[in-house]
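**Student:** The structure's right below; bear with me while I get my questions together.
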Amino acid sequence: MKERLNIRLKKNSAAKKITLLLAVVASLIVFLMLFGLFVRARPILAVKSFSELFFSTSWHPLRGEFGFLPFIMGTLWVTGASLILSVPFSLLTAIYLSEYAPRFIRDAAKPLIDLLAGIPSVVYGVWGVLIIVPFVSQYLAPLFGTFSSGYCILSGGIVLAIMIFPVITHVSIEVFSSIPYEIREAALALGATKWQTVKKVVLKKGRPGIMAAVVLGLSRAFGETMAVLMVVGNVAVVPKSAFEAGYPLPALIANNYGEMMSVPLYDSALMLAALVLLLVVLIFNIVARFILVKLERKSE
Amino acid sequence: MNKKKIEENIFKILMAFSTLTVIIILALIIGTIIWKGLPSLSLSMVTQVPKGGYYLGKEGGILNAIIGSLYLASGATLLAMLISLPIVIFLNMYTRKNSRIATFTRFSLDILWGVPSIVYGAFGFTLMIFIGLKASLLAGIMIVALLELPIMSRAMDEVIRMVPEELKEASYSLGATKLETALKVVVRQCLPGILTAILIAFGRGIGDAASVIFTAGFTDRIPTSLLQPAATLPLMIFFQLGTPFPEVQNRAYAASTILVILILIISLLSRILIKRYSRHKL
């Protein structure tokens, strides 16, 4: 009898140790990633100067020239375009669903937004090629009096905007729902209209949270690969307008995995690109999560 | 009407409009893919592997990619589950709710969630060089499991967190250890929620392309061992769409239809499970 109790207690304390170990290891994966990518990126960092890598537009791996500027600019253009398109829609939808919509619409819309988040990025890419690319080249570009093949920054931005919409909306709804109802009631009791309450109370109180939501969407857009790669054109020049092709960093990495081992320093350059992506996304995420954790603490 | 009212009404219309737009876009995406893909979907596509000249428009199917994706996503989901469940049990049973280590682990998992899948792929590549592994099913499973880990463990954590303290205490008072309480009471109570988390992670795993480019490789054959490369549906779609032949592009649409239907089934199943779960709720 005592023997058995001992075994049960031993199992329990073994489980405690194992689960603790796994939790610690999982927490350290991010650092492992940084370290692994840094080790592989070091060869190119050792022979090229910082400005040569990040401020040169000359990308000729065969000649040993690795200027990342076109790709960095491509990433910024696409991400910027997606934010401009997505943020108004996401915020309006989030306000509607959390403040105005009747219950049945809310219950119906949430799973649909989740579904939008669950669609694989390659499917977004296929859809972009089928619908957005022709739409941009046949309607939007002529409307603005220019020509575009459709495989351009704007197409990438539109597809990305749809992909980051669920992220921004979801986080914003959570932020709004963490604002206590009493504050709204107080505003309404002072004679404010519903919209004034939303504008002056909910949006004001929720501002840090909204910022966090947008930053999370931004970092998702920053690293998105397949869907953008399929519609953005992939030409390694600094784009001058949204109707020109671009070549974002993630697309660069994904497109050249095949050749990178046969050209000296090529693999190192691509790992450096991945390291840069990871660093930027980490900074964005850490800032956003800090804000959200703080908000959660406050509301508890 | 005064100005305040007009402003409110304009915004109300805008809000309803944007919500509606998004739902229409969702319908448009699913509708377009199925409408373009369904005509090209045939029995030979899902029962054959690519034959010679397949990418030029000749005979064959995408069975290699379907099986490859199922192997890959199942293996990765299983592996992710074996890591996630203990982590979640640790977070909710062996440490206080707001202990420093629990906060840090949750924070790290949230950060990991935000890491783009192409970075997972690149990291997988460095890892494979380090341990001397070639592009293979095994390497793909490892990296996709890593990708699924934060999604699955945070989703599980959300449900297990909701288990009332009294339920655990009732179990302790009967003399159960924490481990026994975790496995026989908490996990059982949350089973539908846990299954939902697993399903969501599986859906993410089967749809991801950027992380498997480097790690799982691509092949026209169905892998027979963990050390062989494996084709995956998303990459199959990508490669087929990249060819200049309309017949082959049509097959890319058909393959997308298969992927979308899979995702719809997963999403529906998890909805049903969530409903079930709320019925069990204490």
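The values are calculated or read from the model by the stated rules, or taken from the named source; none is laboratory data. For clarity, every value in this text was computed on a predicted model and none was experimentally measured. Here the Cβ positions follow ideal geometry from the backbone for every residue, glycine too, while neighbour counts run over all protein chains shown.
**Student:** Scan the range A:198-245 for residues that are closer than 22 Å to A:Pro120 by Cα and among the small types (Gly, Ala, Ser) and jot them down.
**Tutor:** A:Ala213, A:Gly217, A:Ser219, A:Ala221, A:Gly223, A:Ala227, A:Gly233
**Student:** Among the candidates A:Ser82, A:Ser86, single out the residue that is buried (at least 19 other Cβ atoms within 10 Å of the Cβ), more than 11 Å from every other protein chain (Cβ to nearest Cβ), closer than 23 Å to A:Gly217 by Cβ and among the small types (Gly, Ala, Ser).
**Tutor:** It is A:Ser82.
**Student:** How many residues, within the range B:166-185, are more than 13 Å from chain A (Cβ to nearest Cβ) and either among the basic types (Lys, Arg) or touching a residue at least 24 places away in the same chain (Cβ under 8 Å) (or both)?
**Tutor:** Result for the range B:166-185: 2.
**Student:** Given the condition touching a Gly at 6+ places or on another chain (Cβ under 7 Å), closer than 21 Å to A:Met260 by Cα, at pLDDT 90 or above and assigned to a helix (DSSP H, G or I), answer yes or no: does some residue in the range A:28-43 qualify?
**Tutor:** So far as the range A:28-43 goes, no, none of its residues is touching a Gly at 6+ places or on another chain (Cβ under 7 Å), closer than 21 Å to A:Met260 by Cα, at pLDDT 90 or above and assigned to a helix (DSSP H, G or I).
**Student:** Restricting attention to the range B:54-89, and to residues there that are surrounded by fewer than 22 Cβ atoms within 10 Å (Cβ to Cβ) and among the small types (Gly, Ala, Ser), which single residue is farthest from B:Ala102 (Cα to Cα)?
**Tutor:** B:Gly57
**Student:** Let me ask you something else. Search the range B:205-219 for residues that are within 19 Å of A:Leu229 (Cα to Cα) and at pLDDT below 90 and pair each with any residue that is surrounded by fewer than 24 Cβ atoms within 10 Å (Cβ to Cβ) and of a type in the set (Lys, Arg) when their beta-carbon atoms are under 9 Å apart and the residues are at least 6 apart or on different chains.
**Tutor:** B:Gly217/B:Lys134
**Student:** Of the residues A:Ile158, A:Ile183, A:Ile179, which single one is more than 24 Å from B:Thr232 (Cβ to Cβ) and at pLDDT 95 or above?
**Tutor:** A:Ile158
**Student:** Name the residue, out of B:Val119, B:Val115, B:Val49, that is aliphatic (A, V, I, L, M), surrounded by 18 or more Cβ atoms within 10 Å (Cβ to Cβ) and in a helix (DSSP H, G or I).
**Tutor:** B:Val119
**Student:** Give the number of residues within the range B:27-41 that are free of Cβ contacts under 8 Å to residues at least 24 places away in the same chain and surrounded by 12 or more Cβ atoms within 10 Å (Cβ to Cβ).
**Tutor:** Of the residues in that region, 5 qualify.
**Student:** Return the residue satisfying two criteria in turn: it lies in the range A:125-145 and is crowded, with 24+ Cβ neighbours inside 10 Å and not aliphatic (A, V, I, L, M), and of such residues it is farthest from B:Ile200 (Cα to Cα).
**Tutor:** A:Gly128
**Student:** Shifting gears a bit: Could you list all residues from the range B:187-196 that are within 13 Å of chain A (Cβ to nearest Cβ) and crowded, with 20+ Cβ neighbours inside 10 Å?
**Tutor:** B:Thr196
**Student:** Related question: Can you give me the number of residues within the range B:230-261 that are outside any helix (DSSP H, G or I) and either at the interface with another protein chain (Cβ under 8 Å from one of its Cβ atoms) or crowded, with 24+ Cβ neighbours inside 10 Å (or both)?
**Tutor:** Residues meeting the conditions: 3.
**Student:** Mind checking which residues of the range A:1-60 are more than 9 Å from every other protein chain (Cβ to nearest Cβ), within 30 Å of B:Asp110 (Cβ to Cβ) and of a type in the set (D, E, K, R)?
**Tutor:** Residues satisfying the conditions are A:Lys17, A:Arg42.
**Student:** OK, next. Only one residue in A:Met271, A:Met226 is under 25 Å from A:Phe135 (Cα atoms), touching a residue at least 12 places away in the same chain (Cβ under 8 Å) and at the interface with another protein chain (Cβ under 10 Å from one of its Cβ atoms), so which one is that?
**Tutor:** The unique qualifying residue is A:Met226.
**Student:** Out of all the residues in the range A:260-269, is one or more within 19 Å of A:Ile84 (Cβ to Cβ) and surrounded by 23 or more Cβ atoms within 10 Å (Cβ to Cβ)?
**Tutor:** no
**Student:** What is the residue count in the range A:195-219 for residues that are farther than 30 Å from A:Thr75 by Cα and exposed (fewer than 15 other Cβ atoms within 10 Å of the Cβ)?
**Tutor:** 2
**Student:** When only residues in the range B:205-227 that are outside any helix (DSSP H, G or I) and buried (at least 18 other Cβ atoms within 10 Å of the Cβ) count, which is nearest to the other protein chains (Cβ to nearest Cβ)?
**Tutor:** Restricting to residues being outside any helix (DSSP H, G or I) and buried (at least 18 other Cβ atoms within 10 Å of the Cβ), the top hit is B:Ala209.
**Student:** Could you say whether any residue in the range B:165-178 is in contact with a Leu (Cβ under 9 Å, 6 or more places away or on another chain), crowded, with 18+ Cβ neighbours inside 10 Å and assigned to a helix (DSSP H, G or I)?
**Tutor:** no
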